[in-house]
Amino acid sequence: MNLNDFLSHLNSRKPVTANSKIHEFMTQLSQEAMKITTVLNNSYHTPEEIQLLFSNLTGKPVNKSFSIFPPFYTDCGKNITIGKNVFINASCHFQDQGGIYIGDGSFIGHNVTLATLNHGLKPDDRGTLYPAPIIINKNVWIGANVTILPGVKIGENSVIAAGAVVTEDIPENVVAGGIPAKIIKEI
């Protein structure tokens, strides 16, 4: 198993069975992510050092306009794609195995959780993971303490109000909030 095979499997939304080779590889990536985020989160770093650490975490370069306030948590890191002029505030949790795409000019508030994996509902299937990407388009503002669930797309220029739980796609140019998140108004 290599990283390209792993990402291809998850990006095709194929299930990951507990104790399979792909699950073992996922566990190895989690260990690597924990090492990098421990360094990121436990001492001061300049913005340039943070960008380098985040590039190591994701395995791809981030634009010099990228900014993040640690601490930051992820259990993979290798399936995060960040646009230009993206800001991620403190204490965010990204479960990115299913893919997280954050478009140019987007802001992610404090303590946001992006979850791209689901477990089977039946007890005998709970160890199986079902990946689905989260796509945050350009110029989106995700408020503090928002949770976005697997497979959700947020349209350009939209705002997700603090504390919302987003279970379905949100169109462009709206404010959405609540549990579950609903459209509150157009922008």
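Annotations
- Farthest toward positive dipole pole in region 68-178 [+1 Lys/Arg, -1 Asp/Glu at C-beta], among 91, 149, 102: 91
- Sparse packing (at most 13 other Cβ atoms within 10 Å of the Cβ) combined with a DSSP loop state is found for the following GluC sites (Glu not before Pro) in region 109-187: 168.
- For region 30-86 versus region 147-170, the spacing of their alpha-carbon centroids is 22 Å.
- In a reduced charge model with +1 at each Lys and Arg Cβ and -1 at each Asp and Glu Cβ, the chain shows a dipole moment near 80 debye about its Cα centre.
- GNM flexibility winner over the chain from 167, 46, 38 (Cα, springs under 10 Å): 46
- Protein accessible area in region 1-148, 1.4 Å probe - carbon and sulfur %: 55
- For region 149-155, Karplus couplings with θ = phi - 60° (6.51, -1.76, 1.60), whole Hz, Gly/Pro x: 8, x, x, 8, 10, 10, x
- One way to sum up the overall shape of region 1-94 is the equivalent ellipsoid from its Cα gyration tensor, whose semi-axes run 26, 14, 11 Å, largest first.
- Applying 1/(1 + (r/R0)^6) with r as the Cβ-Cβ distance of residue 30 and residue 144 and R0 = 25 angstrom yields a FRET efficiency of 0.45.
- Surface analysis of the chain yields an accessible area of 50 Å² per residue, using protein heavy atoms and a 1.4 Å probe.
- Accessible surface ranking for 154, 36, 1.4 angstrom probe, highest first: 36, 154.
The values are calculated or read from the model by the stated rules, or taken from the named source; none is laboratory data. None of the values given here were measured: they were computed from a predicted structure. Note that each Cβ is placed from the backbone with ideal geometry, even for glycine, and that neighbours are counted across all protein chains shown. All accessible areas refer to the heavy atoms of the entire protein, side chains included, with ligands and DNA or RNA removed. Shrake-Rupley method; radii C 1.70, N 1.55, O 1.52, S 1.80 Å.
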